[in-house]
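In what follows, a structure is listed as structure tokens, so that the remarks can point back to it.
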Amino acid sequence: MLNVQNLHVYYGAIHALKGLNFHLEQGEIVTLIGANGAGKSTTLNALSGLLAAREGKLEFEGEDITRTPAQDIVRRGVIQVPEGRKIFATLTVMENLEVGAYLHPDKAQIEKDIESVFKRFPRLKERRNQLGGTLSGGEQQMLAIARGLMSHPKLLLLDEPSMGLAPILVEQIFEIIRDINDQGTSILLVEQNAQMALSIADRAYVLETGQVVLEGDAQEILHNPMVMEAYLGGH
Ligand code: ATP
């Protein structure tokens, strides 16, 4: 479904991605793990068209999207869910969801989609008229994911969904991610919480300074001594 070949991305003189290679098959949860600065967010931003590739090739469903503008990538069904604080703080929960539906401006369909999102996130339903900026961190994260679901994604790009959340909320968010995947959406998950990410992913890639240093089945990576030492606190 997604194929990334020899991806190089720069910020000015900084060479952030140095020939990244990975792929994702339809229906998979693939996770990219790695320390701060490894290049995880940069990878998502390159895939969603927010950053340009200096070199390399990005393919989605067999088509070259390396130079495709961000709005067309969204139209193809690749939806990036930014870290939760990036919801619209001055819009209500409902308005945030409506913005997420801008690709499908059919009113009846939007109402149906909002109902189904509220079923998945009852907390958001209770807070439907509250401003986004006044939600708790966990609620904002849920809203960010819910907004992404409003555009019927084929592939969700999730950037650090566990960031800043209490452990109980992290578990809830990961259950929701697994459930979204069970219903047919493929997921590329970027996480610093390697333990949680590996526990729900099918496959994983470990990034260091803009390159893949290890890849494999998520369970294998979870038990890899090098990964345990570096990312799982040695347990
Ligand atoms: P984190 O989890 O801390 O966000 P990450 O793995 O997502 O880490 P990136 O944010 O992708 O890492 O950063 C990769 C490299 O690119 C880092 O060296 C970072 O300093 C650099 N970088 C990221 N954004 C910019 C920017 N806007 N300008 C200059 N350098 C940047």
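Seen against the Cα atoms of the chain and their longest principal axis, helix 137-149 is set at about 90 degrees.
Report, in deg cm²/dmol and to the nearest 500, the calculated mean residue ellipticity at 222 nm for the chain, where each DSSP H run with n ≥ 4 adds -39500 (n - 2.57) and the sum is divided by the residue count.
On the way: 10 runs with 89 residues, N = 235.
My calculation for the chain gives -10500 deg cm²/dmol from helical runs alone.
Spatially close Lys pairs in the stretch 1-113, defined by Cα atoms under 29 Å apart and a spacing of eight or more places or different chains, total 8. Each part reduced to its alpha carbon centroid, the stretch 96-113 and the stretch 134-157 end up 14 Å apart. Considering only the chain, what is the antiparallel percent among its DSSP beta bridges, to the nearest 5? Here the share of antiparallel DSSP bridges comes out near 55 percent.
Over the chain, what is the relative contact order in whole percent, taking alpha-carbon pairs under 8 Å and six or more residues apart? Write out the running numbers ahead of the final one.
Values: 452 pairs, mean separation 64.8, N = 235.
That works out to 28 percent.
Each principal axis of the Cα atoms in the stretch 97-158 has its own extent, and those three values, largest first, are 29, 25, 19 angstrom.
Leaving ligands and nucleic acids out of the surface, order Met1, Met142 by accessible area at 1.4 Å, largest first. Don't skip to the answer; put the middle values down first.
Working: Met1 40, Met142 15 Å².
The ranking, largest first, comes out as Met1, Met142.
In terms of its C-alpha gyration tensor, the stretch 191-235 comes out rounded, because the ratio a/c of the largest to the smallest axis stays below 1.5.
To the nearest ten degrees, helix 167-182 and the longest principal axis of the Cα atoms of the chain are 90 degrees apart.
The values are calculated or read from the model by the stated rules, or taken from the named source; none is laboratory data. Everything numeric here is computed off the predicted structure, so don't read it as measured data. Just the protein is used for accessible areas: all its heavy atoms, side chains included, with ligands, DNA and RNA removed. Shrake-Rupley method; radii C 1.70, N 1.55, O 1.52, S 1.80 Å.
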